[in-house]
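All remarks here apply to the structure that follows.
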Amino acid sequence: MEHSVFKFSKDIALPSLCFSKERCYKYATVACMKGCYTNKLYSAFDTKHAMSDIDVRNTQWFLKSSPIDFRKEFQKLPLFMRFQKRFRYATRGETITKEKDLNKVIEIAKLNPDVQFMLPTRAWRKGRTKRQFDALLATLTGKAVINKYRHYMGSKNTDPMKEHSGIGRLASKLVEASKLKNLKILCSIDESTSEKEVDSLTKLGLSTMYFGDDSKTEGRFLCPKTHNKGEDITCVNCVGGCFSDVQIHVHLKKH
Ligand code: SF4
C-alpha cells in the first residue's frame, strides 16, 4: 500500500489534511493566541520538528496538487479509513489564505461528489475579507450600510442580487461554496467574535463552529465528541453535526 499524504486522525476517526501554522496568523484572534491547540501540540510533541515539517510538506502538496491528485491520495487510504467517505480539512493550520485555495477546495468537492468534506476556517474574518463580508451582508439584507461599502462593490446598483456578483470574490465564494452539498464550511468563532459578526454569518447562511466559553451553548449543536466523551461518537459516526446538510452552529467543549 502506497503511503498517502493524508493523516488518519484517530481522535476523530477520519482522514485529514493538516496545514502549516503560519497560515493561521492573518486570521488569529486573541483567544487563538492564548489557547492555540496546535501550539500546545507543538510544544508537547514537536521537539524534533517532525510534526511541523509534515504540516509544511502537506501545505506544499496541497498548493501544488490538482483535484485529481486529491482523489488519488484518497483512494490510497486503507478502506477502514475511508469507508464513511468523510474528510476533514485543517485539523491543524488554515486551509484558505487566498481565493485560489478556496477554488481548489471547491474543485476537489465537485470532483469527489461521493466524499463529504468538513472545512473549519477563519478566512471569513480580518482585513479586506471581513469588509467584503459586511458588504455582502449589506447586499443580501438591503440595509443602509450598503452606502458605506459602495467603493468595494464598484457599482451604484443597490439591487441585492446584482450587487452580490460585483463585490469581494472570496467572501462571495465562501457563501457560494457552502451551498455545495458535500462541502461543509464551518466559520470558526470564539469569545472574541461579536454578536454582530455571528449574526452576519448566520444571515449569510453560513455554519459556525464555536470554541471558548462552555456555558454559551444556546442555539448551538453540542458536539458529541467533546460534550459526551466516552459515548464512542466522533466525527466518523456523528449525526446532525458538522456533516449535516443544513446550516448548523456547533459548540465544541474545551478539552
Ligand atoms: S459535531 Fe460531530 S462532526 Fe463536528 S466535531 Fe463534533 S463529533 Fe465531529
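Read-outs: derived from the displayed coordinates by stated rules, not from any lab. Here the structure is a predicted model, which is why all the values come from computation and not from measurement. Reconstructed Cβ throughout: ideal geometry from the backbone, glycine too, with neighbour counts over all protein chains shown.
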Burial ordering of Glu191, Glu197, fewest other beta-carbon atoms within 10 Å first: Glu191, Glu197
Cα-projected label distance for Lys85 with Lys254, points at 7 Å along beta-carbon direction, nm: 4.0 nm
For His49, His249, His227, His3, order by how many other beta-carbon atoms lie within 10 Å, fewest first: His3, His49, His227, His249
Distance histogram in 5 Å bins (all Cα pairs of region 1-70, percent per bin): 3, 13, 20, 25, 21, 11, 4, 1, 0
Relative contact order of region 215-255, pairs being alpha-carbon contacts under 8 Å that are 6 or more residues apart, as %: 52 percent
Across Lys110/Lys173; Lys48/Lys85; Lys179/Lys225, pairs whose alpha-carbon gap is larger than 21 Å: Lys48/Lys85; Lys179/Lys225
For region 241-255 versus region 1-59, the gap between their alpha-carbon centres in whole angstrom: 21 Å
Under 5 Å, built H, 5+ apart or other chain: amide partners of Phe221: His249, Val250, His251
Leu174, Leu180 arranged by Cβ crowding within 10 Å, fewest neighbours leading: Leu180, Leu174
